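Reviewing the structure listed below.
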Amino acid sequence: MTGLEIGAAATVARAERDGAARGDTARGETAPADGWRHRHLLDVDVLSASDIDLAMRTADEMKEILGRPIPKVPTLRGTQVTILFYEASTRTRVSFEVAAKNLSADVVNIAASSSSVTKGESLVDTIRTIEALGADIIVMRHGRSGAPYLASQVFSGHVLNGGDGWHAHPTQALLDLFTLRERLPGGRVAGRKIVILGDILHSRVARSNIWTLTTMGADVWLCGPATLLRGFERWAEAMPAGRRLTVTTDLRAALRGAHAVMALRLQQERMAGGLLPSLREYSLRYGLTAETLRWARADALVMHPGPMNEGVEIGPEIADFERSVVTDQVANGVAIRMALLYLIAGSGPIEEGGNRG
Amino acid sequence: MADTPRPGERVELLEIEDAWLVDPGSGREGQGSLRVEDGRIVALEWAEPEAGGRAVRRGSATGRDVAAADRPAVLVTPALVDIHVHLRQPGREDAETVATGLAAAAHGGFGTVCAMANTTPAIDSGGLVEDELATARASGSVVRLLPYGAVTAGRRGETLAQMGEMADAGAAGFSDDGSPVADASLFRNALAYAGALGRMLVEHPEEPSLTKGAEANEGLVATILGLKGWPAAGEESAVARDLAILAEVVGANPASAAPHLHLTHLSTAGSVELVRRAKAAGLPVTCDVTPHHLALHEGWVAGDRRFAWEAAASPWTGGRTDAAPYDQSTRVNPPLRTPADALALWRGLADGTVDAIATDHAPHTQVDKLVEYGDAANGISGIETALSIVLAGVEAGLLPLADAIRALTTGPVRVLGSAATAAAGRRRAHEPLVPGLVEGALASLVVVDTADTWDVAPATLRSKGKNSPLLGRRLGGRVLATVVEGRFAYADAPEEALAAAPR
Ligand SMILES: [Zn+2]
């Protein structure tokens, strides 16, 4: 079923709530989301442009639900969503939790330690335990790249990657794309120059955005100190025809004519690793400030996956800037996560519960 | 007799007619027949006694090889020699024992293996070398085990281990493999000291400051998968350091203490080039490469399952693959490199820069492997698949068959040098380590059906280590029998069935 059909289902359901009759035929046509072919969401590299479109249109429906006085639908009633976070991240965890609850799922929260020294139980054992406790969907955040793949190999339900190591953060990239579509003139991403700025090397947000944005035809630029871009020039060279990726250490060249700039969080430990001299030097050369933003288009959007280090990668004057879409990103995160939970669960119509029969 | 011979049984009568014989020792390759009676090669006939079997030429990378289709299916060569295996005993008998490791070797066609010292405890004294040899004897296997001793006490990289004592006890050489001898001064001392003992230093070249926390080859695949990179320079800078120190020791040591450096599991084009130049300059250096670095490549980490020579023209650049990414069995140190690196290793074999193919057989338990990729133990259980994947490369035209067999037999024996003679002498003074296909000699040989296949599966691997990226794959080249010093180390079928060639 396509997003349009989901839209139709939602419209019909709304009509029903408003007292209008709904025929069985309509119900029959709004079968589970068979336009979505992915049992798990582990990475965005396997998502086609039409997969991404479906995710966007589903998120549109979810955002409409979020606008209601009581933003709750019975879609995942009876579905147990276990949120398994090996890294502390309150905002992402809460975003998933709100998303799952809005869909009426039962939510189990597990905070685990990923330190191999302190953990007494292997990831595989933990996943088996979670399965035995009745989980249908595991939302997983882990410090090791690839960990959700291991989970998906031992779990009979669905795994939704909430961020793994440096590798992928699928829902972040999708919410970034959703926000860009909302805020860019004409709602169009194709052909727009989008800059990802900062610590690209260690960023799962950057990697996932490279996939989704190039898939949707954006002109993606990566910019940062050479030590934090290591390997990406090769990737740019290897990009198949039709995907546009440019890597530069020159902030001015990166920002010139940019439609949007996504600043990434810079971690303190990059100094200890000898990758950078100091935060101060970083902010002087690569900080996004009112000054440097002047090199971009006058209507350029400013994004940040959060949490921000104001005064380091982003000037305080920019953080609250009118063209900053950071709060939109947070709000859209819930809609995207609702959409992805719904899609991977292969649920029935959004407004109906009991998909697990 | 109708039963399949058990390991250790003497060969009563084994007749192999119309086989393809490759004997790097005598430099002959060709069609012929061979008869083993009571453990000894009593008849050896070449189909063209004059022309020869064609001479086995060194460095014959010119496609003069006889195409597989024109050869008989059954291949007979001297039993193979593997100068780099990990047998895990003592200490990790859950991962492998000497007995299971030697059984795996025999199944892979190997009649001699050299075991690394990174056991628990590390083999760092004469007594521990003797214990290792005693364990091998007690295993009942006829596969020969030549143990290495550690370079440094406890493999801690601080002080020299009891090298003289270990050489006297039968150590084939010294290595801290698993780790490099990172301290350059200690490395220099070890190389100089080992030279006087007539033993080589087997070095695992790795500059630790460049590889800390590394998960996969630094390159496109690691970048896309978000894995910490292990750069080629991490190996090449160590190789360069080791060669510079070797040159210095060559000049400083008296002639009676000539050093010999052996660089193991070279994995990059740059490393091979450094050794090529060092050999041209006359330095006493040898090196080996592994079957997995020859046949696999970094794309395997992403789920690409093409061999290196199939992927070279179009390496993986992201997206869908044949298998799931982050398969822990592909985690190995040094990491799987690019297809171009793999091809450079084949060229190194072809021009004689690379002396040997050694498996770095590294069995691990599922507990140590079925964890997050970056936490998974490094290593591939590879001694049983080695011959098959080398033959796949030969079939793909990367190396003449005779050169591949040389790198698995006389090549490694030459690397072992005097240590091989000494070690063999301890058992049977009148027999060289690999006697070759010689009439009158005790038979040490492997019989392979190159037209047949076998399935790599947990049940078909004799090793306790099921950590092979080739699991689930059907490989060509099935070992029918491995014979060591007149006895079966492995047999696939009764003697008369083995003789029923060609298939
Ligand atoms: Zn090693």
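The values are calculated or read from the model by the stated rules, or taken from the named source; none is laboratory data. Because the structure is a prediction, the values reported are computed rather than measured. Virtual Cβ from ideal backbone geometry, glycine too; neighbours counted across all protein chains shown. Accessible surface is based on the protein model in full, side chains and every heavy atom, while ligands, DNA and RNA are left aside. Shrake-Rupley method; radii C 1.70, N 1.55, O 1.52, S 1.80 Å.
Could you figure out which of (1) closer than 23 Å to A:PRO240 by Cβ; (2) in a loop (DSSP other than H, G, I, E, B) isn't true of B:ASP341?
(2)
Would you point out the residue of region B:451-469, among those that are open to solvent by less than 50 Å² (accessible area, probe 1.4 Å) and under 26 Å from B:PRO24 (Cβ atoms), that is nearest to the chain's Cα centre (by Cα)?
Checking each candidate, the answer is B:TRP454.
Being open to solvent by less than 20 Å² (accessible area, probe 1.4 Å), within 13 Å of chain A (Cβ to nearest Cβ) and not in a helix (DSSP H, G or I) is the filter here; which residues of region B:301-317 pass it?
B:GLY303
Looking at the structure I just gave you, is B:SER179 more than 14 Å from chain A (Cβ to nearest Cβ) and away from the ligand (no atom under 16 Å from the Cβ)?
Here the answer is no, as B:SER179 does not meet what is asked.
In the list B:ARG92, B:ARG35, which residue meets the criterion of being assigned to a strand (DSSP E or B) and at pLDDT 95 or above?
Matching residue, one of B:ARG92, B:ARG35: B:ARG35.
Quick check on this structure: which one of B:SER271, B:SER329, B:SER256, B:SER314 is polar (S, T, N, Q) and within 16 Å of the ligand (Cβ to nearest atom)?
Residue meeting the stated conditions: B:SER271.
Which pairs turn up if I take residues in region B:451-469 that are farther than 21 Å from B:ALA323 by Cα and look for partners that are open to solvent by 60 Å² or more (accessible area, probe 1.4 Å) with beta carbon separation below 7 Å, at least 6 apart in sequence or on another chain?
Here the result reads B:ALA451/B:ARG503; B:ASP452/B:ARG503; B:THR453/B:ARG474, each pair linking region B:451-469 to a residue that is open to solvent by 60 Å² or more (accessible area, probe 1.4 Å).
Just to be sure I understand the filter: pairs with C-beta atoms under 7 Å, separated by 6 or more residues or on different chains, first member in region B:349-361 and at positive phi, second member within 16 Å of the ligand (Cβ to nearest atom). Which pairs pass?
If the second residue must be within 16 Å of the ligand (Cβ to nearest atom), the pairs left are B:ASP360/B:HIS84; B:ASP360/B:HIS265; B:ASP360/B:THR290; B:ASP360/B:GLY382.
Considering only region B:140-158, I want to know if a residue exists there that is surrounded by 24 or more Cβ atoms within 10 Å (Cβ to Cβ), more than 16 Å from the ligand (Cβ to nearest atom) and more than 21 Å from the chain's Cα centre (by Cα).
no
Mind listing whichever residues of region B:93-121 are farther than 26 Å from B:GLY486 by Cβ and either more than 16 Å from the ligand (Cβ to nearest atom) or open to solvent by less than 10 Å² (accessible area, probe 1.4 Å) (or both)?
Scanning region B:93-121 gives B:GLU93, B:ASP94, B:ALA95, B:GLU96, B:MET116, B:ALA117, B:THR120, B:PRO121.
Whether any residue in region A:171-181 is within 14 Å of chain B (Cβ to nearest Cβ) and of a type in the set (Asp, Glu) is what I want to check.
Looking through region A:171-181, none of the residues is within 14 Å of chain B (Cβ to nearest Cβ) and of a type in the set (Asp, Glu).
Just need a number here: residues in region B:352-373 that are within 14 Å of the ligand (Cβ to nearest atom) and outside any loop (DSSP other than H, G, I, E, B).
1
Using the structure shown, decide if B:VAL250 is more than 13 Å from the ligand (Cβ to nearest atom) and within 19 Å of the chain's Cα centre (by Cα).
no
Does region A:342-353 contain at least one residue that is assigned to a helix (DSSP H, G or I), modelled with pLDDT of 95 or more and open to solvent by 20 Å² or more (accessible area, probe 1.4 Å)?
No, every residue in region A:342-353 fails to be assigned to a helix (DSSP H, G or I), modelled with pLDDT of 95 or more and open to solvent by 20 Å² or more (accessible area, probe 1.4 Å).
Report yes if A:ARG188 is within 14 Å of chain B (Cβ to nearest Cβ) and free of Cβ contacts under 8 Å to residues at least 60 places away in the same chain, otherwise no.
No: the conditions fail for A:ARG188.
Kindly evaluate B:ARG406 against the criterion of being modelled with pLDDT under 95, under 27 Å from B:TRP46 (Cβ atoms), of a type in the set (Lys, Arg) and out of contact with any Cys (no Cβ under 7 Å at 6 or more places or on another chain).
no
So which helices (runs of 4 or more DSSP H) are wholly in region A:115-190 and hold at least 1 residues that are in the same structural domain as A:ARG204 (by TED's automatic domain parsing)?
So the answer is A:170-183.
Return the residues of region B:374-398 that are surrounded by 24 or more Cβ atoms within 10 Å (Cβ to Cβ), in a loop (DSSP other than H, G, I, E, B) and either within 12 Å of chain A (Cβ to nearest Cβ) or touching a Gly at 6+ places or on another chain (Cβ under 8 Å) (or both); say none if nothing qualifies.
Correct list: B:ALA376, B:SER381, B:ILE383, B:GLU384, B:THR385.
Please name all residue pairs, on different chains or six or more residues apart, with Cβ atoms under 8 Å, provided the first residue is in region B:212-224 and is within 10 Å of another protein chain (Cβ to nearest Cβ) and free of Cβ contacts under 8 Å to residues at least 60 places away in the same chain and the second residue is part of a helix (DSSP H, G or I) and open to solvent by 20 Å² or more (accessible area, probe 1.4 Å).
Listed pairs, sorted by first residue: B:GLU218/B:ALA232; B:THR223/A:ARG234.
Return the residues of region B:410-434 that are crowded, with 22+ Cβ neighbours inside 10 Å and at pLDDT 65 or above; say none if nothing qualifies.
Residues satisfying the conditions are B:THR410, B:GLY411, B:PRO412, B:VAL413, B:VAL415, B:LEU416, B:ALA419, B:LEU433, B:VAL434.
Among the residues of region B:5-39 satisfying the criterion of being under 18 Å from B:GLY486 (Cα atoms) and acidic (Asp, Glu), which is most open to solvent (accessible area, probe 1.4 Å)?
B:GLU12
Among the residues of region B:197-215, count how many are of a type in the set (Gly, Ala, Ser) and within 16 Å of the ligand (Cβ to nearest atom).
1
Within region A:231-263, track down each residue that is crowded, with 19+ Cβ neighbours inside 10 Å, β-branched (Val, Ile, Thr) and more than 14 Å from chain B (Cβ to nearest Cβ).
A:VAL261
Among the residues of region A:291-309, are any touching a strand residue (DSSP E or B) at 6+ places or on another chain (Cβ under 6 Å) and open to solvent by 40 Å² or more (accessible area, probe 1.4 Å)?
Yes.
Answer yes or no: is there a residue in region B:226-236 that is more than 10 Å from chain A (Cβ to nearest Cβ), more than 23 Å from A:ALA238 (Cβ to Cβ) and open to solvent by 30 Å² or more (accessible area, probe 1.4 Å).
Scanning region B:226-236, I find no residue that is more than 10 Å from chain A (Cβ to nearest Cβ), more than 23 Å from A:ALA238 (Cβ to Cβ) and open to solvent by 30 Å² or more (accessible area, probe 1.4 Å), so the answer is no.
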